[in-house]
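Notes follow the structure.
Derivation of every value follows stated rules applied to the coordinates shown; laboratory data play no part. Just so it is clear, the structure is predicted and the values come from calculations on it, not from any experiment. Backbone-built Cβ (ideal geometry, glycine too); neighbour counts: all protein chains shown.
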Amino acid sequence: MRRCRVPLFALVAALSLLASCASSGPTAASSAPKVRKERTVVVKVPVLVKESSYYSDGMLDGSIVYKYDSTNKYLIEKDTFDTSRADPMEREVSEWKSGLLADDVVYDQDGKLKLRHDYGYDASGRLISDKVSDSKGQPASSSTYAYDSAGNKSEWRAFDGAGVLKAITSYSYGPPTASGAAPLVLVTLKDAAGLSTGTIRLSYDSVGRLLRRDYLAADGSTQKSEVYIYASAAGSPVALETHRADGSLAAKTAYANGELGQVLKATDTDGSGSVRGFKQYEYVVREDAVTQVYYE
Amino acid sequence: MKRLVSLLALFVLGATLALADETAEVYRRLYLEAQGLSQKYAAALNLVQLQDPSVAPILSDALTELINTQKDYSRPSDQELYGRTLRIVAQALGDYKYIDAAPSLWDAVQQVPDPLVKAEALIALGKMRALDYAERISLLLRDLDFKPTDDPDFGEKVAYGAILSLEKLKDVRGFSPVFFASVGWYSQRVRQQAASALPNIVDDPTDPIAQIIRNEPADRKVLALNAEINSKAPDDHKIQTAILALNLGHEKVPADKIDARTFSELRKSALRALITLRAQGDAPVPGCQNSYAKGYDDEERLLALAALGVNGTDPAAGALRDIILQLNTDQQSGVTDDTRNRMARAAIENAAQTKNKLVRPVLMSVAANDKWSGNIILAAQNALKAIP
């Protein structure tokens with residue numbers, strides 16, 4: 001599976017939706033019997049439309065333009081531009097079927113195929129397969145996904161182009177939180193024979209925010225860590241630090257967030273604190289009518 | 001309820017951020033364990049498509065290893081896949097601006113025979129702004145510019161990569177080779193790419209353009225001057241370059257009629273620049289005088305008069321005065337034709353532009369010379385009104 005289709009968009013959209021619910025939610029009821037009620041509220045959802053990448057001196061390097069369907073819900077094309085050309089250097093075209101991403105096709109600047117993903121889903125609409133083809137249309141790799149009874153992803157199997165199993169990744173979750181969802185706490189990486197090759201441990205703060213991710217080798221030694229920095233007791237991270245095995249800082253990304261929680265700017269620095277570049281994000285705001293359930 | 005929703009929001013945050021990174025870790029390990037070229041390619045493709053800068057170190061190591069083991073992939077059946085693997089790795093390293101990979105990318109430029117790999121490595125060096133390599137890339141393109149390579153397609157591809165690289169590097173050393181690429185032996189696509197890259201390489205290309213104007217044939221001088229005029233150089237630098245071109249345009253002896261016409265184009269471009277930029281001072285005046293006196297055609301002579309007019313300083317006004325005086329004297333002695341009349345009118349109107357008192361006496365002489373047509377006399381009278 002690709003790392004994230006529109007990571008910031010997905011993140012801020014989810015946050016915005018929930019934050020909006022929070023702001024319009026009812027207050028605690030009295031001791032009288034509570035009655036389930038519904039109401040429709042309009043929430044503002046920031047939709048990422050442009051990502052611009054800059055060098056440390058402020059010179060524009062390139063940009064990515066995101067295009068959606070008429071509802072601004074489904075990403076249908078992602079065009080990557082270089083500063084010196086009007087035509088995109090790369091186009092990624094997505095096809096959706098019944099609200100599910102069916103395939104992603106990446107083309108180079110000459111319109112030639114670079115890469116293709118074909119996705120499969122189960123009856124519940126959960127991703128169960130991702131087949132990757134190369135520029136020749138040949139299978140390059142594939143993945144399958146399984147889920148536990150609670151609907152959490154439990155396993156990812158990675159295969160090579162010939163269909164030979166290469167790696168198994170298992171996911172373990174902690175006890176459900178107040179929201180009812182179980183946080184991912186451990187990712188176990190295994191080879192094709194099922195032998196552990198390493199783990200990733202995730203830890204959270206008292207309100208369930210991801211604090212750090214530690215990458216451990218098979219022998220349990222730390223290989224690297226990613227640490228999230230928060231400016232306040234609630235809200236999005238303001239920075240992500242990557243530390244080497246010895247604990248020294250390898251890199252840091254600092255975030256500037258907008259009113260709706262969306263990331264407006266991400267600045268990358270190296271271990272010495274030198275800025276390596278930054279990205280700026282532009283959004284349009286979509287208004288969704290959402291049915292809100294509450295009790296009073 | 002608020003707390004509940006807040007927790008929900010935070011969980012979504014955590015889950016979203018947590019989702020991705022085992023993917024990079026898994027593919028990183030798969031690359032390390034990959035045996036054979038096809039496995040390496042598939043693993044590299046997986047790593048690259050993650051679009052995750054954290055995989056840059058492993059891609060850099062992969063690039064180094066692939067270059068060092070190049071001889072293992074010498075079979076024709078391997079070469080295409082080998083090139084493809086190197087290209088996707090190089091492109092990703094450029095996208096991630098992973099400067100630590102610059103030495104390996106330069107090794108790819110030098111050691112891998114596939115021109116597409118060379119080009120991709122060059123582009124990556126540009127994207128990461130590996131300025132330590134600007135000189136080397138400039139020299140590489142300069143050498144390609146000299147003459148077509150044995151396999152022109154090979155040279156085209158490498159040159160294209162070098163042009164894109166130098167455009168990104170934005171180093172003044174890259175200007176000249178890209179300029180010569182824009183007028184070189186390459187296909188239109190490469191030449192156009194070079195031409196469009198030129199304004200992006202350096203804001204002020206005055207120094208390299210002055211070198212080109214001094215040393216290159218007339219047609220290239222014209223293109224170089226136009227590049228300077230269209231650049232973001234300060235106006236005083238553009239003026240300085242235009243004066244240089246104008247003066248050289250007079251000094252050089254044309255080899256034939258075509259050369260003479262090209263030199264006149266150079267001078268006209270320079271004069272237009274002087275007019276547009278409202279160049280003042282002594283320096284442009286001799287060139288303008290020469291263009292008026294020995295201009296290739298009337299257009300050049302009229303441009304020279306206009307350049308003197310916008311100049312307006314004493315030397316420029318003095319030159320216009322002398323020109324009008326000569327025309328007036330000729331008129332009085334009966335030497336007249338349409339061209340002289342056109343020049344006289346233009347000289348008078350440009351003298352008015354100077355608003356310089358130096359031209360008043362000669363304008364009064366023209367106004368008082370009833371051998372001129374009414375239009376010329378009226379122009380002189382109007383000019384006198386314009387001068388304080």
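In plain terms, the chain from A:R126 to A:E38 could stretch by 29.0 nm, reckoned as 0.36 nm per residue minus the Cα-Cα distance.
Equivalent ellipsoid of the range A:151-202: semi-axes from √(5λ) of the C-alpha gyration tensor, largest first, are 26, 12, 6 Å.
With 5 Å bins beginning at zero, the pair-distance distribution over Cα atoms of the range B:274-388 amounts to 2, 14, 26, 26, 19, 10, 3, 0 %. Other residues whose C-beta falls under 10 angstrom from the C-beta of A:E296 contribute a net charge of +3, scoring Lys and Arg +1 and Asp and Glu -1.
Radius of gyration (Cα atoms) of the range A:44-197, expressed as a multiple of 2.2 N^0.38 Å: 1.27.
Between the range B:152-206 and the range B:90-120, the C-alpha centres lie 18 angstrom from each other. With contacts taken as Cα pairs under 8 Å at a separation of at least 6 residues, chain B carries a relative contact order of 7 percent.
The phi torsions of the range A:285-290, fed into the Karplus equation with coefficients 6.51, -1.76 and 1.60 and a -60° offset, translate into couplings of 9, 9, 10, 10, 8, 10 Hz, rounded to whole numbers, with Gly and Pro shown as x. Rounded to two decimals, the Cα-based Rg/Rh of the range A:192-287, with Kirkwood Rh, is 1.06. Extending 7 Å from the Cα toward the beta-carbon at both B:S77 and A:L113 defines two label points whose distance is 2.2 nm.
The local environment of B:P115, defined by Cβ-Cβ distances under 10 Å, has a net charge of -3 under the rule Lys, Arg +1 and Asp, Glu -1.
What FRET efficiency do you get for A:S203 and A:A146 if R0 is 30 Å and r is their Cβ-Cβ distance, rounded to the nearest 0.05? Show your work: numbers first, answer last.
Numbers: r = 25 Å, r/R0 = 0.83.
The pair A:S203/A:A146 has a calculated efficiency of 0.75.
Net charge within 12 Å of B:D72 by Cβ-Cβ distance, Lys/Arg positive one each and Asp/Glu negative one each, not counting B:D72 itself? Once positives and negatives cancel, what remains is +1. Percent of Cα pairs in the range B:164-253 per distance bin of 5 Å, from zero to the largest separation: 3, 15, 27, 24, 18, 9, 3, 0. The convex hull drawn around the Cα atoms of the range B:279-344, when projected onto a plane and averaged over every direction, covers 4.1 nm². Over chain A, all Cα pairs binned in 5 Å intervals from 0 give whole-percent P(r) values of 1, 5, 8, 11, 14, 16, 18, 13, 7, 4, 2, 1, 0, 0, listed from short to long. Residues whose amide H lies under 5 Å from that of A:S141, counting only those 5 or more places away or on a different chain, are A:V132; hydrogens are built 1.01 Å from N in the peptide plane.
For the residues B:L81, B:L246, B:L144, a GNM of chain B with alpha-carbon springs under 10 Å puts the largest fluctuation on B:L81.
Once Rh for the range B:10-160 is found with the Kirkwood sum over Cα pairs, what is the Stokes-Einstein diffusion coefficient at 20 °C and 1.002 mPa s, in µm²/s? Don't skip to the answer; put the middle values down first.
Numbers: Rh = 16.3 Å.
For the chosen part, D equals 132 µm²/s.
Ellipsoid semi-axes for the range A:78-156, based on the Cα gyration tensor and the rule √(5λ), read 30, 14, 10 Å when sorted largest first.
Hey, what D do you get for the protein assembly as shown in µm²/s if you plug the Kirkwood alpha-carbon radius into Stokes-Einstein at 25 °C and 0.890 mPa s?
On the way: Rh = 30.0 Å.
Rounded, D is 82 µm²/s.
Here's how it looks for B:Q280: its modeled amide H is under 5 Å from none belonging to a residue 5 or more places away or on a different chain. Here's how it looks for A:R212: its modeled amide H is under 5 Å from those of A:S203, A:Y228, which are all 5 or more places away or on a different chain. In vacuo Debye scattering of chain B, one point per C-alpha: log10 I(q)/I(0) at q = 0.06, 0.09, 0.15 Å⁻¹? Listed by q, the Debye log ratios stand at -0.43, -0.69, -1.17. Between B:Q381 and B:D236, the FRET efficiency from the beta-carbon distance, with R0 = 51 Å, is close to 0.90.
May I ask you to compute the full-extension gain from B:N369 to B:A293, defined as 0.36 nm times their residue separation minus their alpha-carbon distance, rounded to one decimal in nm?
Working: separation 76, 0.36 × 76 = 27.36 nm, distance 2.34 nm.
Residue separation times 0.36 nm, minus the Cα-Cα distance, leaves 25.0 nm.
Taken one residue at a time, the phi angles of the range A:51-58 give Karplus couplings (6.51, -1.76, 1.60, θ = phi - 60°) of 10, 10, 10, 10, 6, 4, 8, x Hz. Gly and Pro are set to x. Rounded to whole Å, give me the distance from the Cα center of the range B:210-278 to that of the range B:301-369. Here the answer is 25 Å between Cα centres.
With θ taken as phi - 60° and the Karplus curve 6.51 cos²θ - 1.76 cosθ + 1.60 applied, the whole-hertz 3J(HN,Hα) list for the range A:110-126 is 8, x, 8, 4, 10, 6, 9, 10, 10, 9, x, 9, 8, 4, 8, x, 8 Hz, x standing for glycine and proline.
Using the membrane-span-like helix rule (whole DSSP H runs, Cα extent along the own axis of at least 27 Å, mean Kyte-Doolittle hydropathy at least 0.0), which helices of chain B qualify?
Working: long enough: B:2-33 (48 Å, 0.69); B:76-95 (29 Å, -0.40); B:257-276 (28 Å, -0.13).
Qualifying helices: B:2-33.
Taking label points 7 Å from Cα along the Cα-to-Cβ direction, A:L165 and B:D143 give a separation of 5.2 nm.
A crude spin-label estimate for the pair A:S248 and B:R272, with each label 7 Å from Cα along the Cβ direction, gives 5.9 nm.
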